[in-house]
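Visitor: Shown below is the structure under consideration.
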Amino acid sequence: MVTIARHASRLGEIRHGPPGNALLRSLLNQNNLLKDIKSSNHTKLHYSLGCSIRLKQRRHSFCDRTSCTHGISWPLQFHTASTNHDRTRSTVADHDIPIATQSRAYAPPRAGLLSYLPASVVPFAELIRLDKPVGTYYLFFPCLFSTLLAAPLTIPITPPLTILSTTSLFFLGALIMRGAGCTINDLWDRNLDPHVARTRLRPIARGAISPQTAIIFTGFQLLAGLGVLVSFPPACFFYGAPSLLLVATYPLAKRVTYYPQFVLGLTFSWGAFMGFPALGLDLLSDANLMLAAGTLYASNVAWTVLYDMIYAHMDIRDDATAGIKSIALRHERNTKAVLSGLAAVQVGLLGLAGWTIGAGPVYYVGSCGGAIASLGLMIWRVRLKSVESCWWWFRYGCWFTGGAIALGLLGEYGSRVVAKDKHEERNS
């Protein structure tokens, strides 16, 4: 097998000798890279033999494959070695792309659910984040909480099958409306996403779906969501419709305030109201129920700000470059203190919601105690400088905290059913 070593035995020959220069020019010309390298500023070219050639380049990093004159493929990797320059940043004005994005191109999914879909459907599935359902779970949990909180308050107590059918309908609605929210978000951010490493390959950002097509797709999603909404009791329509205003305005908040997560919390937590009318309880006619729903809603808002603050740390550098505001940027130096405060507010309001309905110890131990334990562990263990750590805790913290609260509520419901049965036995 022909190797580069047969063309130049020493690094000095590649750097300065005519054979090395000729070979280098041949490699670069075949990939149209000579122009880029001439206008750049101090880069290292690494190839399979470990030889390095210092060139002038300002660009951050890219990888390509080229071939020598013998038809042999060689992997060429370019890495920036610039001085006095932040390698992880870029400027939107110069249309530079962050370092994390230049070495990665879009590839169709080869595993998971999306790999089984037709190629023409995949961009739409990616647009609604069908392969990343954690957002759907976060949207569903407030609906589940309110349903379980309201279930023992109905007369008679809501039977388990009704709870199951109601929460199943809520999950379907969360799946649809989360997808619609993602589409609306990507439409607003179509000029920002290409400058953020994590979002640059989204369907609209990479041109797989046009904005016009995305708008039409959004219309169909909203119609599907309306179909789910009208499947609930009529009162749910009047409680649910106002949330659409929040769905549409959240992406704008990222442009005007460092606290868009608060707006997201108002949006994602709306389900905390919906479980009551879904089971036939009118919040407007009962101040005690409205207080319970309101405190549950506020608790979920605090939770949303908390977990999305961790999520925002994944993009903190790219957001700063692209001009996107977030609570993570505003409180970068005291994030864990803010997270601790949010956790205290969340648990305190959760406890107040339980007190309002006269919840027993099962609720406080299960829901409030579970939330304290899971949130405390997450805040302690998450490494905010690590994208992988932030994503792991965002993904699984959903189940740790949401699952604990739901189990506590389910336990409270079960204890009330048992108490009711015992009371009926004594009176019979």
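Visitor: To the nearest 10 square angstrom, what accessible area does H195 show with a 1.4 Å probe?
Guide: So the heavy atoms of H195 present about 30 Å² to solvent.
Visitor: Related question: Nothing charged except the Cβ atoms of Lys and Arg (+1) and of Asp and Glu (-1): what's the magnitude of the dipole of segment 342-428 about its Cα centre? Round to the nearest 20 debye.
Guide: Working: 8 positive and 5 negative charges, 60 e Å.
Charge dipole of segment 342-428: 280 debye, to the nearest 20.
Visitor: Which order do you get for R381, R206, R178 if you rank them by accessible area with a 1.4 Å probe, largest at the top?
Guide: Working: R381 125, R206 70, R178 30 Å².
Sorted descending by solvent-accessible area, the residues read R381, R206, R178.
Visitor: Short version: ³J(HN,Hα) in whole Hz for each residue of segment 191-197, in order, from phi by Karplus 6.51 cos²θ - 1.76 cosθ + 1.60 (θ = phi - 60°), x for Gly and Pro, what are they?
Guide: 3J(HN,Hα) across segment 191-197, in whole Hz: 9, 9, 4, x, 9, 10, 3.
Visitor: Please arrange I155, I379, I128 by accessible surface area, largest first, computed with a 1.4 Å probe and ligands excluded.
Guide: Numbers: I155 165, I379 15, I128 40 Å².
Output order, biggest surface exposure first: I155, I128, I379.
Visitor: Along the principal axes of its C-alpha atoms, what lengths does segment 288-428 span, in descending order and rounded to whole Å?
Guide: Answer, in whole Å and largest first: 71, 27, 20 Å.
Visitor: To continue, here is another question. Binning every alpha carbon pair distance of segment 366-412 at 5 Å from zero, what are the percents per bin?
Guide: All Cα pairs, binned at 5 Å, distribute as 5, 25, 27, 19, 12, 7, 3, 1 percent.
Visitor: Rg (Å, one decimal) plus Dmax (Å, integer) for the alpha carbons of segment 112-191?
Guide: 16.3, 53
Visitor: Please express the Cα-Cα pair-distance distribution P(r) of segment 113-427 as a list of whole percents, one per 20 Å bin, running from 0 to the bin with the greatest distance.
Guide: The percentages, shortest bin first, are 32, 57, 11, 0.
Visitor: Here is a follow-up. Mind checking the per residue accessible area of segment 113-427 for me, 1.4 Å probe, whole number of Å²?
Guide: For segment 113-427, the per-residue accessible area is 44 Å².
Visitor: In the full protein assembly as shown, how much of T162 is accessible to a 1.4 Å probe, in Å² to the nearest 10?
Guide: Around 50 Å² of this residue is reachable by solvent.
Visitor: For segment 190-263, with all protein chains present and a 1.4 Å probe, just round the carbon and sulfur fraction of the accessible area to a whole percent. All intermediate terms of the calculation are to be shown ahead of the outcome.
Guide: Working: 2740 of 3790 Å².
Heavy-atom surface of segment 190-263 belonging to carbon and sulfur, 1.4 Å probe: 72 percent.
Visitor: Now for a separate question. Taking the mean number of other Cβ atoms within 10 Å as a proxy for protection, how do you rank 259-272, 410-423, 131-144 from highest to lowest?
Guide: Details: 259-272: 23.8, 410-423: 15.6, 131-144: 20.9.
Listed from highest to lowest mean packing, they are 259-272, 131-144, 410-423.
Visitor: Could you give the Stokes-Einstein D for segment 154-293 in µm² per second, using the C-alpha Kirkwood radius, 20 °C, 1.002 mPa s? Write down the numbers at each step before the final one.
Guide: Details: Rh = 16.8 Å.
Answer, rounded: 128 µm²/s.
The values are calculated or read from the model by the stated rules, or taken from the named source; none is laboratory data. Quick caveat: nothing in here was measured; it's all calculated off a predicted structure. Because the Cβ atoms are built from the backbone with ideal geometry, glycine has one as well, and the counts that use them run over all protein chains shown. Note: accessible area is taken over every heavy atom of the protein model, side chains too, but ligands, DNA and RNA are not part of it. Shrake-Rupley method; radii C 1.70, N 1.55, O 1.52, S 1.80 Å.
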